[in-house]
């Protein structure tokens, strides 16, 4: 990866539906170069997908974080068991005060409570469950991950 790849990624982060021609024009390179570089980044799993960002409040869903500790059982076993919970979007393995953090979507606080009481707490080894309901997402720096990329190596 080099600076050109990073600039392409920055553009795609803001508009993954933008045309290759528009990216090429903005960067002063050919459309074929943009296409080739994106294909290489996809092939090497630097780009792993494209997505749609939704406004959760307009959809009538609530987002929460569930943090928990796991003791006396395999972390991977707990994660596998949680795969069946349709409300969980992501599970993050953590190094710190908690073992894992789940990002969940529910319609109401009652649904959140039911998910925890009727499902999560029934998994052996789950301890110390903490919940935070997300109120607002404030974008700060969409390029944060690109600002710390180690020294660039030339792309071919």
Yes/no for residue 38 being in a loop (DSSP other than H, G, I, E, B), more than 22 Å from residue 88 (Cβ to Cβ) and touching a helix residue (DSSP H, G or I) at 6+ places or on another chain (Cβ under 9 Å): no
Criterion: within 18 Å of the chain's Cα centre (by Cα), within 25 Å of residue 130 (Cα to Cα) and without any contact (Cβ under 8 Å) to a residue 12 or more places away in the chain - qualifying residue of 56, 86: 86
Does residue 32 count as part of a helix (DSSP H, G or I) and either at pLDDT 95 or above or closer than 30 Å to residue 127 by Cβ (or both)? yes
Hey, any hits in segment 119-134 for a residue that's farther than 30 Å from residue 15 by Cβ, free of Cβ contacts under 8 Å to residues at least 24 places away in the same chain and either surrounded by 12 or more Cβ atoms within 10 Å (Cβ to Cβ) or out of contact with any helix residue (DSSP H, G or I) (no Cβ under 9 Å at 6 or more places or on another chain) (or both)? yes
Residues satisfying the stated conditions in segment 37-71, i.e. farther than 16 Å from residue 6 by Cβ and either surrounded by 14 or more Cβ atoms within 10 Å (Cβ to Cβ) or in contact with a strand residue (DSSP E or B) (Cβ under 6 Å, 6 or more places away or on another chain) (or both): 56, 61, 62, 63, 64, 65, 66, 67, 68, 69, 70, 71
For segment 135-150, enumerate the residues that are over 28 Å from residue 60 (Cα atoms) and surrounded by 10 or more Cβ atoms within 10 Å (Cβ to Cβ). 143, 145, 146, 149
Somewhere in segment 87-95, is a residue more than 30 Å from residue 6 (Cα to Cα) and not assigned by TED's automatic domain parsing to the domain that holds residue 32? yes
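The values are calculated or read from the model by the stated rules, or taken from the named source; none is laboratory data. Bear in mind that the values here come from a model prediction, so they are computed numbers and not experimental data. Methodologically, a virtual Cβ is constructed for each residue, glycine included, from the backbone with ideal geometry; neighbour enumeration extends over all protein chains shown.
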